[in-house]
1. Would you mind checking the tilt of helix A:174-187 against the longest principal axis of the Cα atoms of chain A, expressed as 0 to 90 degrees and rounded to 10?
2. In whole angstrom, note down how far apart the Cα centers of region A:179-230 and region B:56-130 are.
3. Answer with one residue from A:250, B:41, A:156: the one whose Cα lies farthest towards the positive end of the charge dipole of the protein assembly as shown, charges on Cβ with Lys, Arg +1 and Asp, Glu -1.
4. For chain B, what class follows from the C-alpha gyration tensor (a ≥ b ≥ c being the square roots of its eigenvalues): rounded when a/c is under 1.5, otherwise prolate if a/b is larger than b/c, else oblate?
5. Relative to the first principal axis of the alpha-carbon coordinates of chain A, what is the inclination of helix A:3-15, with its axis defined by its Cα atoms, in degrees from 0 to 90 and to the nearest 10?
6. Using a simple charge model, +1 on the beta-carbon of Lys and Arg, -1 on the beta-carbon of Asp and Glu, nothing else, what dipole does the protein assembly as shown show about its Cα centre, in debye to the nearest 20?
7. Sort out for me the Cα centre separation of region A:142-177 from region B:157-194, rounded to whole Å.
8. Whole number please: convex hull volume per residue, Cα atoms of the protein assembly as shown, in Å³.
Amino acid sequence: MSKNAHSARSDQTQKGQQEQILKVENLRKTFGGITAVADVSFHVEKGSITGLIGPNGAGKSTTFDLITGVQRPDGGEVEFNDTEITGYRSDQVANQGLVRTFQIARELSEMTVLENLLLAPQNQAGEAVWRAVLPRARTKVVEQEKELREQAWEMLELFEIEHVAHESAGNLSGGQRKLLEMARVLMTDPEMVLLDEPLAGVNPTLEEKLIDRLHTLKERGYTFLFVEHDMDVIMNNCDTVIVMHQGSVLTEGQPEAVKNNDRVLDAYLGEEVKI
Amino acid sequence: MSTGSIQARAEGWLGNNDVRLLVALALAIGGLYALFSVVLGFQLNGTVNTLRRVAFLSAIYAMLALALNLQWGYAGLFNLGAAGFMAIGVYTMGILAAPVTASPPGFGLPLPVAIVAAILVTGVVGGLAALPAIRLRADYLAIVTVAFSEIVRLTLRAPEFANTRIAGVAFGTGGATGLSLPSNPIRILFYTDPAATAPAPNALGAAMFSAVEPLGIEQTLVIGWAYVVVLCLCLGLLYWLMIRIGKSPFGRVLKSIREDQQVTQALGKDTRLFKIKTFALGCALMGLIAILWRLSGGYASPRMFKPIQTFYIFIALFIGGTGSPTGSIVGGALFASLLFEGPSFVRRVVAEYLQLSNAPDTLVGALAELGTLDVTPLLAYSVQDVSISALRLMLLGTVLVYLMQRHPDGLLGHRKAIASSVDLAQQATREDDNE
């Protein structure tokens, strides 16, 4: 993608008085001889639901990994809320308010659903050993735990999984695990959530529920960027769609425009597409 | 009644109350060794001393298992260098507390100061040792720590450091001959001047000694039991500490690190810091426990800190089940009483009642006779005094294989304590809101 196209687009968005929460510029990552992410640049608007699509191997998950510090980029920049976070460790990224879920739900299976949720909030007083142990300091910990417990129950209700609150997360169904993972990242009180295929393996009823929550949360001010393969879901729910192909951004724009883009179709049909 | 239902009833009665479980275990072990003593015809003094020794070792291994459980059971940090950290604790204390005039000379610090300094040093060294490996997978930490513990042991044994002078300060490890430690500090409770060669008892000492003298119980045994009582108090404190940690938000993070470090990190936890803190804390505790262990004997030697010492603690932990503090105590006590001390008592009972002679010189020789379906040579070999450590190792191996196959979780590892400082089932304020 050329620099010119880029600045043109940001001009456009600035006219619309939109604030950009995440800016990715020329991100690059190679594994040996394979270029997983060649040159990825895109912006995400605050308070939007943005879809990230592309054929398998387009570099979507690697892009997520590079943004969230799971892997270090070989080049490029990531800016979140006007702070450059390129090369941050994943815990530092999360502490900035940018959290992610994983493609395969990674619940902490030995822990109960509630424990999973209580783990997530940042800056817990009881995460310092001495406060967790010393009687005086512990009163503060207990108070905070009570608050978090309330939050956790509210979150369980939002996702309608209260009935499995005390279940080991490993005993949940695939769909419930996806719900748990969403609930858990939200417990970190983020500004933006990256969802890696949140609907994979989820039945249609549950899928509807999840999408419904996504819109509820958007109303509350959260920003979402999510990878998804179901075109209907993307087209019906996203404000903006970014299409990746062979490690680069092929196009981005309104769902309608992307849908009618021939090059997107070609890319999905496995034809050669010039980027 | 089938064994299954007996087991179920026993679990029903014992399983839901940890204090009851631990008391029952202590009584069972005490009963077993009282029986051994009767069978072997011990006097009262001998019986009480046997019980003291078993209680002492059980308490020490229970504490060691608790400390290792913090690292391995809670956080999944595979510390194969426990013996090395124990050695650092004991030797730091010993060198700091040894009188300047002694040979090898020390720093002459008061014992409490030396102990606190030793705990701090062990913790810091533990944190530093873990630093290069903490970002790698668990197996690398295991390799680094086992190598580290051997480096520590060989350094302590090296003649170069036995009695040395660095930057004008003279001190020494005593090398292979070992290091004298301060005398048992518990003596101060019973003697007016514990350092004297023939100390005079104080009021408490006089009362205690004269009370047990008619029973034929020696003064040293009173002191020994007093030390065991102090150990049990330490054990109780450590147990409480571990439960507190396990139920805290800190413990929750450790639990999640053990399961999936990447997820924990993605939720904003600096897992490296948590791991280093936990490792350092566990090592500091091991240093302290090793000090408690060796102070009663008044002597330390590099021989005591071989890697097998680390494996003993791991076996204790595996028996009890990783992750459960109660399990660590059960495992430590069972290991010390049945596996560590048990074989030599069984040997003595067998030797007392079966007159076996002509024991083969080697295990191979003893096993070869099995070809003729004659088990006597093997039995005779096994009950020799010198082969007890071989027998113990065989027993340990068998127990480990059995555990791995039948009870990979150990006795109490299946238990799941909820990592939270509050009862998560309660949602009191919310219900109030609804009303």
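1. Helix A:174-187 sits at roughly 80 degrees to that axis.
2. 49
3. The residue sitting farthest along the positive end of the dipole is B:41.
4. It is rounded, given that a/c, with a ≥ b ≥ c, falls under 1.5.
5. With rounding to tens, the tilt is 60 degrees.
6. That gives the protein assembly as shown a dipole magnitude of about 2900 debye.
7. 56
8. It is 253 Å³ per residue.
Each reported figure results from applying straightforward, stated rules to the coordinates on display, with no laboratory input. Because the structure is predicted, anything quoted here is derived from the model rather than measured. So basically every Cβ, Gly included, is an ideal-geometry build from the backbone, and we count neighbours across all protein chains shown.
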